[in-house]
Every structure is written in structure tokens, then in C-alpha cells.
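The values are calculated or read from the model by the stated rules, or taken from the named source; none is laboratory data. None of the values given here were measured: they were computed from a predicted structure. Cβ atoms come from the backbone with ideal geometry, glycine included; neighbour counts cover every protein chain shown. Protein only, heavy atoms only, side chains kept; ligands, DNA and RNA dropped before computing areas. Shrake-Rupley method; radii C 1.70, N 1.55, O 1.52, S 1.80 Å.
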Amino acid sequence: MFVSERAAYAVALGGGALLWIVTAKIAGRTEAWDAPMYWTITYPLAIVLAGLLGFLVPRRAWRWGLAVFLAQPVVLAASASGFGLMPLGLILFAVLSLPAVGLAALAARF
């Protein structure tokens, strides 16, 4: 282990939230995934962040992918005007986390 688990959680949660907030602000959107740059820049960066954390903290590395994407619906909920589509959004975040979970688990093997 190169980094403490507590620090890795802070980086994963903080990084996921920061990626969402910065993307939304730059794009001028309430929800970051409404911006094209979320899919071309932010989403790949979130996956890479999970992979890096998986490499640095390899024990149960899959959790870093989940943590990065867990922070994003929390920020979304804090800024959303309604919660009608929240269940669908949570399902989408779970699906979006799968490549991050996979990369983190793969990176942990190195």
C-alpha cells in the first residue's frame, strides 16, 4: 500500500465531486453529464482516477471506482431542483462506475 485507505477515500470522493462541479461550472449546466465535455474529458478522468487509486491502494481496489462515482450523485442531489429522476440517475451512476471498477481492479494487479 502506497497511500492510506483514508487518504484514498478522500481523493476518490473529493475527486469525483470536484470533477462533477468543475465540469458543470465550465459548461454552465446544472448537471455535468448534460455537457459534452463530461463524456469526453470528465468521465475518462474519473475512470483514470479510480485506476490510479487501485494501483496505489490495491486491497479491494474495486471500491475506488465506486467511490469516485458515489460522490457525483451526492453533488447532483445537493444541486438538483427535483428528485423525480434520482432512482434512474443512481442506476446510471452504477453502470458508469463499472469501467472504473474494472480498471481499478486491473491496476491493483500491477
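Annotations
- Within segment 1-32, considering residues that are in contact with an Asp or Glu (Cβ under 9 Å, 6 or more places away or on another chain) and among the small types (Gly, Ala, Ser), the one farthest from residue 89 (Cα to Cα): 27
- Whichever residue in segment 88-110 is open to solvent by 80 Å² or more (accessible area, probe 1.4 Å) and not aliphatic (A, V, I, L, M) and, among such residues, is modelled with the lowest pLDDT: 110
- Filter result for residue 11 (under 13 Å from the mean Cα position of the chain (by Cα) and surrounded by 14 or more Cβ atoms within 10 Å (Cβ to Cβ)): yes
- Residue within segment 49-59 that is assigned to a helix (DSSP H, G or I), open to solvent by 60 Å² or more (accessible area, probe 1.4 Å) and at pLDDT 95 or above present: yes
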